[in-house]
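Visitor: Can you keep this structure in mind? I'll have questions shortly.
Just so it is clear, none of the values below were taken in a lab; they were calculated from the coordinates. Predicted, not measured: the structure shown is a model, and the values here were computed from it. Note that each Cβ is placed from the backbone with ideal geometry, even for glycine, and that neighbours are counted across all protein chains shown.
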Amino acid sequence: MAAKIEFHFQEGFTGETVVLSVNGTELSRVTVQTRLQTGLAAIEAVEIAPGRSATITIPGTRLSATHTVTATDRWITVNRRGDALSMVSVSSSPGYV
Amino acid sequence: MSTRKPPVAPRIKMNAPEANSTSELDHPDFLAGIYDETALEEPHTNGFTPHPDAPIPIPFPGQRPIPFPGQIPQIPPFRFCAPVSGRYNLKPVPGPFPHVNLIFVTVRVDVDRFLPQSRISIEVSRLIPNSTAHAIAEVTSDRCLATNNRRITGTITYRDGNAALIPGDTVVFEAKRGLGFNYGSYTLTLSGAGTSPRTYTLVNRSQRFDPVEFEVDVVENAGAAVTDYDTGSHPNRPADLPIETLTLESVFRRSGFDVTMSPNVTTIPTADAGSDGTWSDSEMHNAMVTYWSRFADRPQWAMWVLYAARHDQGRDLGGIMFDDIGANHRQGTAIFTDSFIQDAPAGDPNAAAWRRRMTFWTAVHEMGHAFNLAHAWQKALGTPQAPGDPWIPLANEPESRSFMNYPFRVSGGEAAFFADFRFRFSDDELIFMRHAPRRFVQMGNSDWFVNHGFEAPSALRQSGNWTLEIRPNKDLNTYRFLEPVVMELKLSNASARPASVDEDLLSDGRHFVVTIQREGGQPRRWRPLITRCHEFEETSLKTGEAIYGSHTIAASTDGWLIDEPGFYKIQAAVDLGGDVVVSNVLRLYVTPPESKAESAVAPDFFTEDVGRAIVFGGAPALNSAMETLRKVVETCPDNPAAIHASTALSGPQLKNYKVLEGDERKDLSIHSQSADVDTAAKEQVAALLEDPDAAAETMGHIHYFGQLDCLAEAMSDAGDDKGAKKVIQNSIAVMKSRGVLNSVIQSAERKLAKLK
């Protein structure tokens with residue numbers, strides 16, 4: 001059964017477009033820019049069933065990251081550090097200050 | 001837009017411990033001074049900042065650091081030097097004459113008291129032309145040479161602005177005893193790098209580095225604002241953490257600021273957040289404009305702190321420095337009391353203390369952003385993201401136990417963070433807050449994240465009651481090579497009421513300064529070839545009225561200041577009883593020579609004697625200079641310099657002229673040369689009236705019409721009223737065509753009426 005998962009786009013984004021796909025199907029496309037006061041660029045919430053693969057790509061670059069969703073996943077942080085994109089499932093809603 | 005705040009009773013605790021209270025002197029982060037001269041023989045980073053594993057160099061814990069007669073150490077050769085950290089300014093030099101302070105110096109010494117960073121920073125502002133410099137020196141030696149005789153040496157490792165204002169690379173700060181046991185004198189000496197030592201005598205202004213005011217307002221549904229925290233209230237803390245009640249005030253005071261809490265505390269209606277009851281950044285900005293008693297669209301050491309329930313973003317936003325809106329960033333911060341910062345972990349041994357600590361931490365964190373501090377893991381973003389960012393490149397501090405790190409982001413999470421957290425900013429952050437160029441740090445100055453620890457500053461506080469303008473009387477600020485640059489000064493009463501001023505303030509050459517800088521060159525101060533002592537005559541100016549002065553600023557007592565093709569910047573200032581009024585900066589261009597004749601005469605023209613001959617309106621005793629001027633008239637007739645030369649050559653002939661003659665002192669005698677008004681008048685009429693606009697432009701209105709006045713008077717005195725009348729008629733016509741003030745035209749018309 002699909003559950004709502006929040007993708008928190010956090011550090012390293014400077015106004016690029018990112019694409020969120022599940023098992024190869026594009027679910028959303030957003031432009032993200034990190035707000036340096038909070039370290040948060042955007043939060044994207046989608047329904048994804050466990051076992052499916054969520055992939056974040058940045059068109060025009062080779063950057064992508066994939067995470068296989070589990071039944072306990074609720075929050076996934078997405079960070080760009082240089083030439084790497086990372087997706088990490090976290091156990092509580094990330095907070096920002 | 002601003003509205004008055006409704007009066008509401010204060011709700012915030014503000015009774016922070018007083019500075020230098022016994023508890024603060026006992027605090028392990030506090031260094032009360034140094035003793036003996038061996039206190040800092042090894043690298044400063046070890047011997048200077050208290051370290052948990054090293055003894056803290058406080059000779060008498062718990063006692064005041066400044067020795068009083070009864071407390072002086074009795075056993076020689078023990079030496080103790082009291083703390084010197086704080087802000088210093090150039091000691092004012094009293095003088096008999098009004099003068100303009102041209103240089104402002106601020107020194108921040110950071111070697112003891114709370115969390116010393118072993119730095120001396122120097123800020124120099126020059127009045128005219130406006131120029132600033134900033135340097136930071138790392139302390140390499142700190143010696144207590146005798147009781148309260150302390151010498152601190154540092155090496156400059158960071159510069160910003162005009163480096164020439166802070167020459168050398170070595171800084172020596174010395175504090176010495178006065179007549180008593182306390183420090184009585186302070187000096188700063190700059191030397192090294194092949195420069196001559198320069199010493200400034202300083203006066204101590206404060207134990208801290210800058211003043212700042214915080215105003216806390218609370219939205220009515222946000223609950224009580226948490227502005228203090230008992231460090232002993234939660235069991236997860238460093239074992240040796242002093243148990244004390246910290247406040248917003250004490251945290252920033254220990255960070256180096258003279259903190260005052262505004263008494264204007266307001267409860268803000270929830271309705272200001274709009275129908276949704278949550279706050280957007282723009283709604284908070286509007287509230288700041290409305291409720292903050294200090295709000296202004298300008299940089300100031302003041303900050304607004306809002307406690308609200310929830311942001312539009314939702315419960316996951318605990319606080320934000322929301323003010324990256326408009327021209328003046330970083331003036332407002334917000335803490336959200338209905339957010340995740342209230343969510344203590346399940347099973348926490350003291351959930352109430354956890355929430356209070358998290359709210360207090362969030363408040364200081366957001367306020368840190370207002371000082372332009374970045375998150376601990378974002379520091380390295382500064383340089384690549386802000387091209388030209390002049391601050392020291394910083395490394396990320398992802399594991400730092402600082403107010404600017406996220407507790408829940410470090411290894412081990414927030415429990416690991418608070419187990420080691422000592423309620424302080426990191427050393428890099430303290431250095432930035434205390435020593436970075438102040439525009440980087442001051443609220444409302446540099447934009448958020450620009451020049452961050454990752455914008456003169458006006459050194460002068462001007463009343464705004466006066467405006468000073470420096471201007472040429474020509475459409476374009478372009479001058480021909482050889483053309484003596486004449487500038488007009490205009491001082492206007494900009495206040496709403498009449499004001500009195502010395503009517504000769506701008507004409508006597510003694511009460512104002514003019515500085516000229518060829519672009520790419522050093523600024524030089526103009527020193528007038530003529531100064532006048534006169535009886536003080538006060539004149540009253542109504543609002544908008546002005547007094548004027550006109551001067552040939554190209555020539556100075558120490559040579560010509562404008563004698564090469566290129567661009568120049570010119571600025572003037574006048575001191576009105578302590579109210580220093582600074583003019584606009586005028587940029588002008590001097591064209592290259594247009595003929596071989598101009599180049600050929602230049603070496604003889606740009607001499608002190610020629611400068612004097614032009615400024616004096618002729619100097620027959622300076623034969624060589626007068627010959628040069630004759631050559632200019634003959635070989636460069638279309639150059640405006642020929643107009644100046646012609647009037648200087650003929651001027652002395654308008655009246656009987658006394659000349660000192662003789663080679664030997666015993667042979668000196670005064671001779672009178674008879675006037676030759678006819679000859680002089682022909683030459684002057686040709687120079688001044690054949691192309692009156694050209695003459696008025698190069699001489700300036702005051703000189704030009706004054707010269708026509710002299711000519712008419714000389715002709716009238718010589719019996720040529722008809723000629724004099726014609727000169728004045730021409731003068732009036734030129735005045736009218738050039739838009740001269742009616743009062744001046746009317747004065748000329750009255751002279752005309754007196755002639756037959």
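Visitor: May I ask for the net charge around residue B:243, where only other residues with Cβ less than 12 Å from the Cβ of residue B:243 are counted and Lys, Arg are +1 while Asp, Glu are -1?
Guide: Summing Lys and Arg as +1 and Asp and Glu as -1 gives -3.
Visitor: Compute the semi-axes of the equivalent ellipsoid of segment B:475-575, taking the square root of 5 times each eigenvalue of the Cα gyration tensor, and list them largest first in whole Å.
Guide: With the √(5λ) rule applied to segment B:475-575, the semi-axes are 28, 16, 11 Å.
Visitor: Rounded to the nearest 500 deg cm²/dmol, what is the calculated helix-only ellipticity per residue at 222 nm for the protein assembly as shown, with -39500 (n - 2.57) per DSSP H run of length n ≥ 4?
Guide: Taken over the protein assembly as shown, the calculation gives -6000 deg cm²/dmol.
Visitor: For an R0 of 51 angstrom, estimate the FRET efficiency from the Cβ-Cβ distance between residue B:296 and residue B:754 and round to the nearest 0.05. Kindly include the intermediate steps, with their values, before the conclusion.
Guide: On the way: r = 56 Å, r/R0 = 1.09.
Calculated transfer efficiency: 0.35.
Visitor: Next question, about the same structure. What pairs from B:542/B:751; B:726/B:754; B:726/B:751 go past 21 Å between their alpha carbons? Don't jump to the answer; show the numbers that get you there.
Guide: Values: B:542/B:751 26 Å; B:726/B:754 13 Å; B:726/B:751 12 Å.
Correct reply: B:542/B:751.
Visitor: Here's something else I'd like to know. In debye, nearest 20: dipole of segment B:287-361 around its Cα centre with unit charges on the Cβ of K, R (+) and D, E (-)?
Guide: Computed charge dipole of segment B:287-361: roughly 260 debye.
Visitor: Label points 7 Å out from Cα along the Cβ direction at residue A:3 and residue B:690: separation in nm?
Guide: For the pair residue A:3/residue B:690, the computed spacing is 9.8 nm.
Visitor: Next question. Residues of A:87-95, mean number of Cβ from any other protein chain within 10 Å of their own Cβ, rounded to a whole number?
Guide: 4
Visitor: Next question. Neighbour counts of other C-beta atoms within 10 Å: give me B:279, A:75, B:526 arranged from fewest to most.
Guide: So the residues, fewest neighbours to most, are A:75, B:526, B:279.
Visitor: What net charge do the residues around residue B:570 carry, taking every other residue with its C-beta under 13 Å from that of residue B:570, with Lys and Arg at +1 and Asp and Glu at -1?
Guide: So the environment of residue B:570 carries a net charge of +3.
Visitor: If we count every other residue with Cβ under 12 angstrom of residue B:280's Cβ, Lys/Arg +1 and Asp/Glu -1, where does the sum land?
Guide: Summing Lys/Arg as +1 and Asp/Glu as -1 gives -4.
Visitor: To the nearest Å, what is the center-to-center distance of segment B:520-543 and segment B:580-609, using C-alpha atoms only?
Guide: For segment B:520-543 versus segment B:580-609, the Cα centre distance is 21 Å.
Visitor: Next up: Stokes-Einstein D for the protein assembly as shown at 37 °C, 0.692 mPa s, Kirkwood Rh over Cα pairs, in µm²/s?
Guide: Translational diffusion coefficient: 102 µm²/s.
Visitor: For segment B:187-259 and segment B:691-735, what is the centre-to-centre distance using only Cα atoms, to the nearest Å?
Guide: Taking the Cα centre of each part, segment B:187-259 and segment B:691-735 sit 67 Å apart.
Visitor: If one computes P(r) from the Cα atoms of chain A, what percent of pairs lie at distances over 20 Å?
Guide: Working: 1358 of 4656 pairs.
Value for chain A: 29 percent of Cα pairs lie more than 20 Å apart.
Visitor: Still on this structure, please answer the following. Would you list, by chain and number, the lysines whose Cα falls below 16 Å from the Cα of residue B:176, excluding same-chain residues fewer than 8 positions away?
Guide: Within reach: B:91.
Visitor: Something else: What number, in percent, do you get for the relative contact order of segment B:584-742 if the mean sequence gap of Cα pairs under 8 Å and at least 6 apart is divided by its residue count?
Guide: Worked out over segment B:584-742, it gives 14 percent.
Visitor: With θ set to phi - 60°, apply the Karplus curve 6.51 cos²θ - 1.76 cosθ + 1.60 along segment B:525-539 and write out the HN-Hα couplings as whole Hz, x wherever there is a Gly or Pro.
Guide: Each residue of segment B:525-539 in turn: 8, 6, 10, x, 6, 10, 10, 10, 9, 9, 6, 4, 10, 8, 10 Hz.
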